[in-house]
1. Applying the selection to the range 61-115, what residues are within 20 Å of the chain's Cα centre (by Cα) and β-branched (Val, Ile, Thr)?
2. Hey, any hits in the range 76-95 for a residue that's out of contact with any strand residue (DSSP E or B) (no Cβ under 7 Å at 6 or more places or on another chain), open to solvent by less than 50 Å² (accessible area, probe 1.4 Å) and in contact (Cβ under 8 Å) with a residue 24 or more places away in the chain?
3. Give me the residue from the range 16-30 that is free of Cβ contacts under 8 Å to residues at least 60 places away in the same chain and not small (Gly, Ala, Ser) and, out of that set, most open to solvent (accessible area, probe 1.4 Å).
4. Let me confirm something: among LEU139, LEU132, LEU128, LEU145, which residue is under 30 Å from ARG62 (Cβ atoms), touching an Asp or Glu at 6+ places or on another chain (Cβ under 6 Å) and surrounded by 10 or more Cβ atoms within 10 Å (Cβ to Cβ)?
5. Of all the strands (runs of 3 or more DSSP E) wholly in the range 1-105, which have at least 1 residues that are of a type in the set (Phe, Trp, Tyr)?
6. Considering each of ALA48, ALA70, ALA57, ALA42 in turn, give the residue that is open to solvent by less than 40 Å² (accessible area, probe 1.4 Å), touching a Ser or Thr at 6+ places or on another chain (Cβ under 7 Å) and in contact (Cβ under 8 Å) with a residue 24 or more places away in the chain.
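The values are calculated or read from the model by the stated rules, or taken from the named source; none is laboratory data. The model shown is predicted, which means the values in this text are computed figures rather than measured ones. All Cβ positions, even for glycine, are placed from backbone atoms using ideal geometry, and neighbour counts span all protein chains on display. Note: areas computed on protein heavy atoms with side chains; ligands, DNA, RNA excluded. Shrake-Rupley method; radii C 1.70, N 1.55, O 1.52, S 1.80 Å.
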Amino acid sequence: MAEPVVSGEDIEHVLTRWPAGKVLEVSSDSVGTINWTWLITADSGRYALQLCCHSDAGKVQRVCDLITYAVGAGQPAIQPIMTHDGSRYLEEDGRLWLLSPFAPGFQTDRKAMSLDQDRGLGRGLAKLLEALAGCPESLGRSKSLEVQVDQSLEKIDRMLERVRAHPDQSKYEDYALHRLTGQRQWIEDHADATTNGLKELPFQV
């Protein structure tokens, strides 16, 4: 997706909708991979300003509500700051913005992840799922459990083609090809399998 054209004046104008105060410094965050992010230093502290990569206000509201639930359940989630109007996000000129407190710490390169860090991620995920056990289903993203064999195989074939066409083949591409090929074979071998009974199982966000 093409990066949007956002000027320093745009950012300063948007930030006036929050109680951040005078903007002292703005820098682009090169680590984020989903939304566009700028790191803000203001006279009231440090923040992360995000411009959502989509324009679905309902989705952003659900994310904010889900974070609020997680925070209430004792999870260390970063909750977006309320605007002067009392909203967790700003909608302006067809764009959706979020302002969050700056999260201190560091981000480890995935190539340098240790086994202890991997285990820590697993434990953190388990604690999060436990905390969200009573979360309203409306805050989650519903998925169909129906399996369309032909469509699944076609999608995997498209993904395989894209991975094979990648100009910089590495161990990650090898891993992706191995996983996709295995999944394709499994679907072909179990084409008659059904999801009967799964819908009756408990659902959790």
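1. VAL63, ILE67, THR68, VAL71, ILE78, ILE81, THR108
2. Looking through the range 76-95, at least one residue is out of contact with any strand residue (DSSP E or B) (no Cβ under 7 Å at 6 or more places or on another chain), open to solvent by less than 50 Å² (accessible area, probe 1.4 Å) and in contact (Cβ under 8 Å) with a residue 24 or more places away in the chain.
3. Step by step, filter the range 16-30, then rank; the result is LYS22.
4. Unique residue meeting the criteria: LEU139.
5. Strands (runs of 3 or more DSSP E) meeting the threshold: 36-42, 45-51, 95-101.
6. ALA48
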